[in-house]
Amino acid sequence: MRISAALALILSVSALHAGFFSSDEPTVKCVYSGTDGHCVEPVLKSDSELVITVVGQGVAPSVTASPAQAYALAKRAAIADGYRQIAEKAKGVHVEGHDTIKNLMLVQSSTRTSVEALVRGANVTNTTFKEGLCEVEMEIALSYSRLLR
């Protein structure tokens, strides 16, 4: 798992073509608009940095050798959850659904989500551990210079 420590957020060329990055336009393109119509998540511009902040959560297993091991495992799970959330925000989530209908009634329904990204340079800014739940606040700063390396 040493790779997770050295992971970097590298967005593929397809993300560039999909409109994730803004060109030198003066307006900000929204990735998501809230109910009031205002832009919630701005797009990375060539002249600025975009900071993504997430809170990952991890639960300690019920059977561990010591409280220290429970803390370490919960923190590791929380960091992995934080990396997943960063990847989802930066690259988006692929959603695949399948419904089976028989005699005009839903028989089976399934949904599968996946995300594929490489994350490097995310920092843990805060860690809290309470009643077996570990929460880590993580952030990553995105800029054109870091992504085009």
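The values are calculated or read from the model by the stated rules, or taken from the named source; none is laboratory data. On a predicted model such as this, the values are computed, not experimentally measured, just so you know. Every residue, glycine among them, receives a Cβ derived from its backbone with ideal geometry; neighbour counts consider all protein chains shown.
Some values worked out for this structure:
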read-out	value
One residue from A18, A90 being modelled with pLDDT under 70, surrounded by 12 or more Cβ atoms within 10 Å (Cβ to Cβ) and either within 15 Å of the chain's Cα centre (by Cα) or farther than 30 Å from K130 by Cβ (or both)	A18
Residue identified as on the phi < 0 side of the Ramachandran plot, exposed (fewer than 14 other Cβ atoms within 10 Å of the Cβ) and of a type outside the set (A, V, I, L, M, F, W, C) among G58, G97, G82	G97
Enumeration of residues in segment 102-120 that are touching a helix residue (DSSP H, G or I) at 6+ places or on another chain (Cβ under 6 Å) and among the β-branched types (V, I, T)	V115, V119
Residues (over 10 Å from the mean Cα position of the chain (by Cα) and among the aromatic types (F, W, Y)) located in segment 49-84	Y71
Tabulated pairs, segment 81-107, first part of a strand (DSSP E or B), second surrounded by 11 or more Cβ atoms within 10 Å (Cβ to Cβ), C-beta under 9 angstrom, 6+ apart or interchain	H94/V115
Per-region count, segment 108-149, residues free of Cβ contacts under 8 Å to residues at least 12 places away in the same chain and within 30 Å of Q69 (Cα to Cα)	4
Residues of segment 100-149 that turn out to be on the phi > 0 side of the Ramachandran plot and over 21 Å from the mean Cα position of the chain (by Cα), as a count	4
Test: R112 is assigned to a loop (DSSP other than H, G, I, E, B) and either among the basic types (K, R) or modelled with pLDDT of 95 or more (or both)	no
Complete set of residues in segment 121-138 that are buried (at least 16 other Cβ atoms within 10 Å of the Cβ) and among the charged types (D, E, K, R)	E135, E137
